[in-house]
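First the structure, in the form of C-alpha cells, and then the observations on it.
Just so it is clear, none of the values below were taken in a lab; they were calculated from the coordinates. Model, not experiment: these values are computed from the prediction. Glycine gets a Cβ as well: all are built from the backbone with ideal geometry, and neighbour counts include every protein chain shown.
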Amino acid sequence: MLGDKKNLIKYLKEGTRVLFSPEVEEAFWNIDRKSFIHPDYYPEAYEDYPLPIGEGQTISQPTVVAFMLELLELEEGQKVLDVGSGSGWTTALIRDIVGPSGEVYGLERQPNLVEFGRANLGKFNFRKAEIFQAKEGVLGYPERGPYDRILVSAAYDEIPQELIKQLKAGGIMVAPVRDSILKISKKSEDEIEKEGFQGFYFVPLIK
C-alpha cells in the first residue's frame, strides 16, 4: 500500500518511472486524486490502480495518467481537449500544467459523470477549464477547436480520424487504440507520425 500522495509520487518517479518532468510532477502535487473519487474509495485514493466512478467507468491508474501526460508534452498557454474526462481529474491536471493562459475542455458522454466531473473541477479556482456533455454520434468538440493537444482516455478500435482533424498542425494527440497507447504527432495537415506503446487496458469509448 502506498498510502499517501508523497509515496504515490515517489513510486511514479522511482518505481514505474513514468513521471519525470517538473511540470507534470507539480500537477500531481497540486491536483489531489482524492478530490476526484467517491468517499467510499478515499482509503485507496493514492494506490496505483483504477477506481470505480460510476456508470461502469473508472478514474485511471496514476501510472497510466502520468505516462500519457508526459507523452502529450504539454506547454503553458495551450488549448487542450480531454476526451473521456470522467471524474475530471485529467482535466484538472492538464489545466494546472497549461496554466491560466491555457484552455482545457473536458468531454464526457455520461450525464451523471458530466455533473460529477464539473463538481470536482469546481473545487479548484480554475478559469478556462470546463467539462461538456458529448454529443451523440460526434467525436470530439469541433466547435472549440482546433487544439494544440488532445488526450483520449477511452479505447478506440482504430485511430480516430475525426479527432486528428481537430488537432492543429504541430499538435499532439495521445489516445488508446485497442491495447496500445498511441502518440500521434500531426506534422502537417497531410502528415502524421505515430508511436505505439503496448500492454494497456482502457474502458471502451461510448459513442
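Points worth noting:
- Placing a label point 7 Å from the Cα of D32 along the Cα-to-Cβ direction, the residues of region 119-153 whose backbone N falls under 17 Å from that point are 119-126.
- Rough spin-label spacing in nm, given labels placed 7 Å along Cα→Cβ, for K128 and D4: 3.5
- Within-14-Å neighbourhood charge of T16 [Cβ basis; K, R +1; D, E -1]: -2
- Two-site label geometry, E75 and Q198: point separation in nm, points 7 Å out along Cα→Cβ: 3.3
- Counting only lysines at least 8 places from K183 when in the same chain, those with an alpha carbon closer than 26 Å to its own are K10, K13, K79, K128, K135, K165, K168, K194, K207.
- Within the chain, longest stretch clear of exposed chymotrypsin sites (Phe, Trp or Tyr not before Pro) (DSSP loop, no more than 14 other Cβ within 10 Å): 21-200
- A straight chain from D179 to Q161 at 0.36 nm per residue would run longer than the Cα-Cα distance by 4.7 nm.
- Our note on the geometry: Cα centres of region 86-123 and region 140-191, 18 Å apart.
- FRET efficiency, E14 to D40 (Cβ-Cβ, R0 41 Å, nearest 0.05): 0.85
- Distance-filtered residues of region 99-137 - backbone nitrogen under 14 Å, label point 7 angstrom along E143 Cα→Cβ: 105-108, 130-136
- Share antiparallel - DSSP beta bridges, the chain, percent rounded to 5: 45
- Correct option for Cα extents along the principal axes in Å [calculated from the coordinates] among [x] 77, 32, 27; [y] 47, 35, 34; [z] 53, 43, 26: [y]
- Cα gyration tensor shape of region 3-118, rounded if a/c is under 1.5, else prolate or oblate by comparing a/b with b/c: oblate
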